[in-house]
Amino acid sequence: MTIPVIILLVAMIAIIGSIILLRRSEEDPLAARIDEFAAREEAVSIEEIELTLSFADRVFVPILRSISDFVVRLTPQTTLETTKRQIELAGNPSNLSAANFWAIRGGLTFLLAGLGFLLATNSDSGAGRAFLYILGGGALGFILPAMLLRSKIDRRKEAIIKKLPDALDLMTICVDAGLTFNAAMQKVDDKWDDPLAKEFGRVIYEMQLGKSRRQALRDMVDRMEVPDVTSFIAAVLQADQLGVGIGKVLRIQAEQMRIRRRQRAEEKAQQAPVKMLFPMVFLIFPSIFIVLLGPAGLQLIRNEALAGVFGG
């Protein structure tokens, strides 16, 4: 195993360990341990409680929390708000905050830039190529987390769009059976484990905490930014304001969502021939030509060689 591979493995382990520790730093293990001793009603000092923590909780977690606070002070507030918004649209993966995301992004940038420097040093390349290695590694480390976050957002939106018609069908059945709209949302949350069902469950939880249904549904729309969900919630809020039966609204919305899903499927089916063109021209056709024309070409070359020998 070469030195660059070892360095890459160490960098990956460091990144994964940093992510795990950052998640633990959000929980404040010292406060959790204090609550645990308080529940036992044991008279112990803060120093004794700190000594019961693991080495990572006593050393690395405070360091990473300090780094996160330092990142917050350096990063503009608008950038942090934008990142927080993107993390929320992605479903808040791993319970990361905006500061933790930027800390991971900065650490990955420096790690890959350092890896590029070591690769350039081991390959004995010139100054220009070494600079390109360092710049490429740093750029990759800076861009990769944003790309992964954007991919997570797109996958979440696609999952919501795909699941919405089925959820509306279930809610329509529940309302027709005599349940309320809130109970129908609770049924969706109980039946499935997907982003849409979790958002419905969050709406129910916020309503139990005292938030109005109108505000909870509007907040759900802001957390998703899916046009289909926006139109559905707008119809529900308008029906609630005008006193229209929610069952009729759900039935109409479910039918419209099924039509939209069928239209999207037909659109993707029409795009399939265009998307298949390039793989067929550059991958499939050359293989077919080699299989079909290869023996004939070899036979032609052999005949020409024999004709040259006998003719000579």
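Among Arg202, Arg302, which comes first, second and so on when ranked by fewest other beta-carbon atoms within 10 Å?
Arg302, Arg202
Using the alpha-carbon centroid of each, what span in Å lies between the range 147-204 and the range 234-309?
28 Å
What's the ranking of 213-225, 77-89 by average number of surrounding C-beta atoms within 10 Å, highest first?
Result, highest mean Cβ count within 10 Å first: 213-225, 77-89.
Counting every Cα pair in the range 158-312, what percent are over 28 Å apart?
44 percent
Report the per residue volume, in Å³, of the convex hull enclosing the C-alpha atoms of the range 193-261.
96 Å³
Taken together, the values in this text are just the output of simple stated rules run on the coordinates, not laboratory data. Just so you know, these numbers come straight off a predicted model, no measurement behind them. Ideal geometry is used to build each Cβ from the backbone, glycine not excepted, and the neighbour counts take in all protein chains shown.
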